[in-house]
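Visitor: The structure's right below; bear with me while I get my questions together.
The values are calculated or read from the model by the stated rules, or taken from the named source; none is laboratory data. Since this is a predicted model, take the numbers as computed values, not measurements. Reconstructed Cβ throughout: ideal geometry from the backbone, glycine too, with neighbour counts over all protein chains shown.
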Amino acid sequence: MKKSSFVAMLLGTVSGMLFALGMCMALIEEWHSFTPGLVFGCAGILLGLITVIIWRKMEHKPPIRLSGKSVLTMIVGIVGTLALGVGMCFCMVWDKMIVGILIGLVGILVWLCLIPLTKGIKN
């Protein structure tokens, strides 16, 4: 394993754990720790961004340039993720299985739209 991959794996794992713990702290009311949860979640997001920057420098890659296509790709990914999450909430929290499954399937279909958006369609 390359050094850059190992560093990215470690930093990515720590940032993911911070973000997940922060979201649990913020969203589970019984814990009564909304503000510290936001701090942990933001720290996880910030460490994730720092991880990308460090990994790109170690791999000698140029900085990320935002184009219209990359912004559209991010928006489609976020919409798909939110739709799948809302579908899961409908199923697990609000006991509305049919609606939740349909919304979750829409989220998965939106994710599938990412394949032709990023890779393109070729003969």
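Visitor: Condition test on Lys96, is it among the basic types (Lys, Arg) and within 26 Å of Ser5 (Cβ to Cβ)?
Guide: no
Visitor: Determine which member of the set Leu102, Leu27 is farther than 30 Å from Met1 by Cα, out of contact with any Ser or Thr (no Cβ under 9 Å at 6 or more places or on another chain) and in the same structural domain as Met1 (by TED's automatic domain parsing).
Guide: The unique qualifying residue is Leu27.
Visitor: Let me ask you something else. Can you find even one residue in segment 48-70 that is aromatic (Phe, Trp, Tyr) and at pLDDT below 90?
Guide: no
Visitor: Would you confirm whether any residue within segment 52-61 is over 25 Å from Ser4 (Cα atoms) and among the acidic types (Asp, Glu)?
Guide: No: zero hits.
Visitor: Do we find that Gly77 is closer than 30 Å to Met1 by Cα and in the same structural domain as Thr13 (by TED's automatic domain parsing) in this structure?
Guide: Here the answer is no, as Gly77 does not meet what is asked.
Visitor: Then there is this: Quick one: in segment 72-123, which of the residues that are under 20 Å from Leu27 (Cβ atoms) and β-branched (Val, Ile, Thr) is surrounded by the most Cβ atoms within 10 Å (Cβ to Cβ)?
Guide: Result: Ile103.
Visitor: Among the listed residues Thr35, Thr81, which satisfies the condition of being modelled with pLDDT of 90 or more, of a type in the set (Ser, Thr, Tyr) and within 22 Å of Lys119 (Cα to Cα)?
Guide: Matching residue, one of Thr35, Thr81: Thr81.
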